[in-house]
Every structure is written in C-alpha cells, then in structure tokens.
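Accompanying notes for the structure given below.
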Amino acid sequence: RTVHVRTRHNMSAFTMASVGITAPRSVSRVSARKSPARAAFSAKASSVAMGGVSLASFAAPARTQAKHQARSLRTVVFAAAAAKPDRSGADAKDAGKGQKVMVIGGDGYCGWATALHLSNRGYEVAIVDNMCRRSWDDQLGFNSLTPIKSIHERVRKWEEVSGNKIELFVGDVCDYEFLSAAFQAFEPTSAVHFGEQRSAPYSMMDRTKAVFTQTNNVMGSINLMYAIKEYAPECHLIKLGTMGEYGTPNIDIEEGYITIEHNGRSDTLPYPKQGNSFYHLSKCHDSANMLMCTKTWKLKTTDLNQGVVYGVATEETMMDPALINRLDYDAVFGTALNRFCIQAAVGHPMTVYGKGGQTRGFLDIRDTVRCIQIACDNPAEPGEMRVYNQFTEQFSVNELAALITEAGKKIGLDPKVINVPNPRVELEEHYYNAKNSKLQDLGLEPHLMSDALLDSLLNIVVTYKDNVDQRLILPGVNWTESASVGKQVAKTSGK
C-alpha cells in the first residue's frame, strides 16, 4: 500500500521553496604501507597469474600501467587473505526474515536497486521518497538514458513479478511530522539513508543549490536520528556517505578512524575530512552529527563511505522492463564510468577532466546492494558508529578510459578520448591508497571490473543510445564560477 501522510508544509516546504525546489503537491511533504595481511601473502602473490588489462590502446604514461597492475594484484591478494564468514544463505528467499528495512531515497539509482534486492531475499521493505530526484531532471532538462516508470508503477510491477510487497511512503524526510508518522507506521529494524542530494556539480551550480544541498542533506539526517531516538530506538541507521569526504590526502586512507600519536600520547580519532564541494561537505557534517548522536543517545549506526558506483543491472532490476534502473549520463548526475560508456556508445569522445590522474574507489552496483545487506545483517552495538569504506577497486580516470577503449573495440565501437579543462578544483595527480577490508571481512565477494562486465554495460547502453541528448555530455558546472542565481542569470543573458 502507499501511505500519504498529510501535514502542513512548515519549515521543509519553506526551505525547499526558498531555494527553488518545489515538492509535488500530492506529497505531504533527499610508498604505501603494507598491511600484515598483504605482507603475509606477498610470497603467494608472486605466483598469482594475473591476466591484467592492456593499456596499449590508450596513450597513458607507463607508470599508470604499473600502478594499475599493482592495484589489481593487491585486490587479488587481499581478497585471498580475508577469512570470510559463511554467507552461503544470503541469497535465500527468507534470508532477511524478521527484518524490516526502510529505504529512504528508494526511488533513486542506488536506493531502487537496494529495495528490490532486499525484498527479493525476504526482508520486509518500505520506500520513503518525495521524488525530488525526478524533479531535478525536469528542472535542468535532463533525462535518464533508460526509460524509468513512476514509483507507483514500479512498486506494483515488483509485487506482480515477485509476489513481494514494498510499502511506499511518499513524503520528505525534512518534514519531521511526516517522517515520525512513517516510522510509527512501519517500525523499521534498519533505516538505509540514500535520501540526499548526491551530486557535487549540482551543489556547485549556484548559491541556491549549495544552500539546498546542505539544508536538505543535513536537516534530513538530523530528523532521521531524532525519529530513531523517539520512535525506534533499536533501529540500526545505515547512512550512505562518500569516499569524497576524505579528499586525497598524501597518506593512506583508513576506514573511518585513525590512531594518532602526538606529544607522547595517542588516541583513535575520526579520520580527517576534506570535502571538495558543498555536497561532500554536507556528508562530512552528517558524519560528525551521527557520531555525536550515536555517543549521546546510544544509537546503532553504520556510515558507509561509498566509492563511485557503476553499472545498471542487478538480478531484480532486469526481471521486467518496468523495473529497470535509472542511468544518468549528463555531466551533473552521471558518474564517471557510466558516462564514459554512454559517450563511447554514441560516438562522443570520452571527456577526461584535466590530466586524468584523479584516482578514486569504484564498485559495481551489484556490490552496493550486497554491502547494504551485509550492514543490515551486522548491526552496530548501541553507542557504536561503524565506518566502512564501500568500494572494491581503485582506478584513475585515465585507466577507466583505457578499459572502456579496449572493451568498446571488442563489440565494434571505436572509442576516442579528449582531455577537457577540469571544471573542478582538485589535484589531477596524487597519491591515493584507501583501505577497504571491513566489508570483505564480513563476507562481501566483490564483482571486480572485467571485460564481460564492461561488454554487458556497453551493450545495455547501446540499446538505449537513441535517448542520449549529446548537449548534456560536456561539463557545464565550474567550481570557481559558482555564484548567486542573480549573477548567473545576468551572466547567461549577457548583461
């Protein structure tokens, strides 16, 4: 059933209106150190047969190839080192029996795939969403490459296909009256929080969108923690953060916490944060607020610092055309690898920002949903905030372009690369070595990037390539030129 909780449009409505976002009126209310495990397996590593990926088709420095091969080797060795728990029953139809999971932002890219994945495994699932992600497409003239149905059609089709019901609460988590009513109605054992504005470029477009991003994201998370405290104190909060919170420090990135020795004393403290956009900073604020509330109210919380997600297909989203996930290709909401695949499919050169040495953590969307399931099955203790770095591999932008170039040629495409001026203010060549062992220690078996995976993604993209508006591909948001709406209007009108 769909639950519409009608309340007055108080602060949330005023805030949204003041920053130019209008909620639908029908809603009531988005030289690296080696670990001991790596050292122990160094001898074994030398005997591991590595197929590797040839970068000959892309003109990148030789050291980039060496770094890529070293990262691939580390991934294999590290996976072998972990003594993983038995999760052989994780895909059973009753794996989540007794758990009630509220997926906030369940109409979005990661949220929709997660809701279906959990529902298909016996978790009782509710989606909370105000459809604002769709309204941003309308606002900016964007569209998903894949034709997505309305949330109501999606939920109805899922029940028809799977026999499982997903409860739907249409409203805004920034409206506490709505959110508290949803919590009392559903009584979740876990709340998965995807419901935030998740685009760095969107947050840097102008002052209005910067204010909206911070207000929506931070206030929504605070409301969520109050709702748990007041109506579901045993509920486990699983918040999606971002690896971008860490920035690109010249030291290894730990999983959430770092032990520091200073003036003869030591302490374990939250890892320093260096957000590089108003979006990333909103996630930093979320993490600080979560830690305080966890300690003060004895909440059970897990902060998942997610890398860049790629792919579109999961087992559930491919069960019926009406269940297909969204796939963004524009320069505001599209993620790097997805955008490159779409550009290659339509014959547009892949747009590498600056030198292309920017390195980040990546993961397949099939691993995103499994990480969420693992977090649901392994709740934190009261008063504990766990932090996991949720990614499976590291690549530079140049390495991604090389991989897609090679994969594209195998299916008859002729991918090209162009370097465009970097619209962001960031290091384009830097050290990057982030730890990511905790989820694998809990049983994650990652889908590493492969030729077969890229072939599959490219073929899906080719199917829908006629939907691409090539005007949306090139970057249009420049970090240094972000200004008030009035200034932006004056600029575009030539005044």
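Projected onto its three principal axes, the C-alpha set of segment 432-495 covers 57, 35, 18 Å, listed from the longest axis down. Listed by chain and number, the lysines placed with their C-alpha closer than 26 angstrom to that of residue 487 are 209, 495; residues fewer than eight positions away on the same chain are left out.
For 285, 280, the ranking by accessible surface with the largest value first comes to 285, 280, using a 1.4 Å probe. In the structure shown, the pairs 84/435; 97/229; 273/298; 157/229 are assessed against 27 Å; a Cα-Cα span above that value is assigned to 157/229.
Viscosity 0.692 mPa s, temperature 37 °C: what is the translational diffusion coefficient of segment 183-273 from Stokes-Einstein with a Kirkwood Rh over Cα pairs, rounded to a whole number of µm²/s? In µm²/s, the coefficient is 206. When only the Cβ of Lys, Arg, Asp and Glu is charged (+1, +1, -1, -1), the dipole of segment 233-373 relative to its Cα centre reaches about 300 debye. Ranking 411, 251, 374 from most to least accessible surface, computed with a 1.4 Å probe over the protein chains only, gives 251, 411, 374.
Looking at segment 337-495 alone, DSSP beta bridges between its own residues are antiparallel in about 50 percent of cases.
Computed from point charges on the beta carbon alone (+1 for Lys and Arg, -1 for Asp and Glu), the dipole magnitude for segment 393-495 about its Cα centre is near 620 Debye. Since only 272, 321, 338 are under comparison, the one whose Cα sits farthest along the positive direction of the charge dipole of segment 266-381, derived from C-beta charges on Lys, Arg, Asp and Glu, is 272. Rg/Rh for segment 323-401 stands at 1.08; both radii use Cα atoms, and Rh follows the Kirkwood definition.
Measuring with a 1.4 angstrom probe and ignoring ligands and nucleic acids, residue 205 comes out at about 40 Å² accessible.
Roughly to the nearest percent, how much of the accessible area of segment 267-365 is carbon and sulfur, given a 1.4 Å probe? Within segment 267-365, the accessible surface is 60 percent carbon and sulfur. Sorting 257, 432 by accessible area puts them as 257, 432; the probe is 1.4 Å, largest comes first, and only protein heavy atoms count. Across every pair of non-identical alpha carbons in segment 167-207, the mean reciprocal distance, once inverted, gives a Kirkwood radius of 12.3 Å. Per residue, the accessible area of segment 387-467 comes to 41 Å² when a 1.4 Å probe rolls over the protein heavy atoms. Per residue, segment 308-386 exposes an accessible area of 23 Å² to a 1.4 Å probe, with every protein chain left in place.
Rolling a 1.4 angstrom probe over segment 115-252 with all protein chains present gives an accessible area of which 48% lies on carbon and sulfur atoms. Quick one: grab the alpha carbon gyration tensor of segment 383-468, order the square roots of its eigenvalues as a ≥ b ≥ c, and give me rounded if a/c is under 1.5, else prolate or oblate depending on whether a/b is larger than b/c. Verdict is oblate for segment 383-468. In terms of overall dimensions, segment 152-234 has a Cα radius of gyration and Dmax of 15.4, 46 angstrom. Look at the dipole of segment 353-495 built from charges on Cβ: of 450, 405, 376, the Cα furthest out on the positive end belongs to 405.
The residues of segment 121-230 present an accessible area of 32 Å² per residue when probed at 1.4 Å with all protein chains retained.
The values are calculated or read from the model by the stated rules, or taken from the named source; none is laboratory data. Computed from a predicted structure; not experimentally measured. Positions of Cβ are generated from backbone atoms using ideal geometry, with glycine treated the same way; all protein chains shown enter the neighbour counts. Note: accessible area is taken over every heavy atom of the protein model, side chains too, but ligands, DNA and RNA are not part of it. Shrake-Rupley method; radii C 1.70, N 1.55, O 1.52, S 1.80 Å.
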